[in-house]
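This report refers to the structure that appears directly beneath it.
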Amino acid sequence: MDKKGPEKKARLLAALDKGMVMIHLDARRPGVIVPPALRTESHLRLNLSYRFDPPDLTVGEWGVRCTLSFSGSRFTVAVPWSALFAITSHVTKEFWMYPDDMPAELIQQTMVTTKAPMPEPVAEQPAAPVERPRAVLREVARQEPEESAEPPVAPVEAEGPKDDPPTPRRGHLRLVK
């Protein structure tokens, strides 16, 4: 067994218990069995999950074996621990990397893309929250009613006892269960 095998196995099993997991592997390594079209991939990503209801998912001392679907066709893959160089949990967004097992070209790619000088670390202070208006308000000119020569008319009340309370109005909100 690969010296990091027990750690990889424990992390993979813990991540699988939470949900879907992506394993990153070098398909060119000895012992890797994948569909012929993928055998030359230096960074092959495979999704594993108990929700796929795999009939033969095995995470053992040697590595991972499982029947997966590739373009609608089923294929039994085998990945030794030495070929697996990263594990990503889709659920928790955790990512575990094993740089010792990464393909050389991937390491070189990361060196080229991060060749720009790194900025000096600055002690970060929490930024003050920016207060933004919730809505744009504008002033509306108030229109005064035109004065007429006639005095205002008092509303006519319906005949009946004055002590009757107004009938309750039904509210516009209702409880939906």
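What length, rounded to one decimal in nm, is gained on full extension from THR58 through to ILE107, with 0.36 nm per residue of separation minus their alpha-carbon distance?
Length gained, THR58 through ILE107: 14.7 nm.
Below 8 Å between Cα atoms, with a sequence gap of 6+, how large is the relative contact order for region 5-113 in percent?
Relative contact order, region 5-113: 31 percent.
At a 10 Å Cβ-Cβ cut-off, how would you order ASP101, ASP53, fewest neighbours first?
In increasing order of surrounding Cβ atoms, one gets ASP53, ASP101.
Fewest Cβ neighbours within 10 Å first, please rank SER42, SER73 accordingly.
Ranked by crowding around the Cβ, least crowded first: SER73, SER42.
Debye calculation, C-alpha points only, no solvent: report log10 I(q)/I(0) for region 5-113 at q = 0.12 Å⁻¹, in the same order as the q values.
-0.38
Starting from the 7 Å offset along Cα-to-Cβ, what nm value, one decimal, do you get for the label separation of VAL176 and LYS3?
About 6.2 nm separates the two model spin labels.
Between ARG45 and VAL91, 0.36 nm times their residue separation minus their Cα-Cα distance comes to what?
Full-extension gain reported as 14.9 nm.
Each reported figure results from applying straightforward, stated rules to the coordinates on display, with no laboratory input. Owing to the predicted nature of the structure, the values given are computational and were not obtained by experimental measurement. Reconstructed Cβ throughout: ideal geometry from the backbone, glycine too, with neighbour counts over all protein chains shown.
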